[in-house]
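Every number in this text was worked out from the coordinates using simple rules, so none of it is lab data. Everything quoted here is computed from the prediction, not taken from an experiment. Backbone-built Cβ (ideal geometry, glycine too); neighbour counts: all protein chains shown.
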Amino acid sequence: MLLAGVLGLVLTLAVLRGHGASERVLVAARDLEAGTVVRPGDLRSASLRTGDAIAARLVPARREAAVRGHVITAPTRAGDPIVASQIRTRATDDGRRAMSIPVDRARAVDGRLAPGDRVDVVVAADGAARVVAADLEVLAVDDGEHGAFGARQGQVTLTLAVGIDDAQLLAVALADGDFVLTRVTGSPSARGAAPVTIGSGSPR
């Protein structure tokens, strides 16, 4: 946070002292905290004299509509120019989190998943199996070299849209390692499904 503040101050001073052509860029219309989703009225345009190097790092005023709904990742004071690298797209459109997990292909429908699919996460332990997270949306699938930290050969990395509870349950499932993903696209939700227990005398 301190680094972001210093960067903002340096850029502001550089803009004020610039001797280049006048550019219309976006600046904060009010103090914006890190994590703020940009709404109408949060930004305004200002004409500033900047050098080419500084102008390339700022957001042109013509892109105001394009950055609405995006997230400011560093505290920005009213009047400070908006730095392009500090604007990120939201993880999801509805407030959920994006979480990437490495999964063995054999435990993830052989990796045959695509963005938009829905999956359940099923954990087995102590003779019981239960759905710990249901109907999660697949945001991205990566079976190449840009997978999640800790991914191994033969694994696929899935980015899922999760709520807070689902994220915590997935973290536990990852730590235990004994889970599978089932593709449930178009199927009824399994949320609230009762665990299945196999006892020594239970029929198979």
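Odds and ends about this structure:
- Sites residue 125 and residue 193, calculated FRET efficiency, Cβ-Cβ separation with R0 22 Å, nearest 0.05: 0.85
- Summing charges over all other residues whose Cβ lies under 13 Å from the Cβ of residue 180, with Lys and Arg as +1 and Asp and Glu as -1, gives -1.
- Scalar couplings 3J(HN,Hα) for the stretch 60-68, obtained by applying the Karplus form with A = 6.51, B = -1.76, C = 1.60 to θ = phi - 60°, are x, 4, 5, 9, 4, 5, 5, 8, 4 Hz; x denotes Gly and Pro.
- Shown for 87, 54, 82: other C-beta atoms within 10 Å of each C-beta, ranked fewest to most, produce the order 87, 54, 82.
- Between residue 97 and residue 165, the modelled label-to-label distance comes to 1.5 nm, taking each label 7 Å out from Cα in the direction of the beta carbon.
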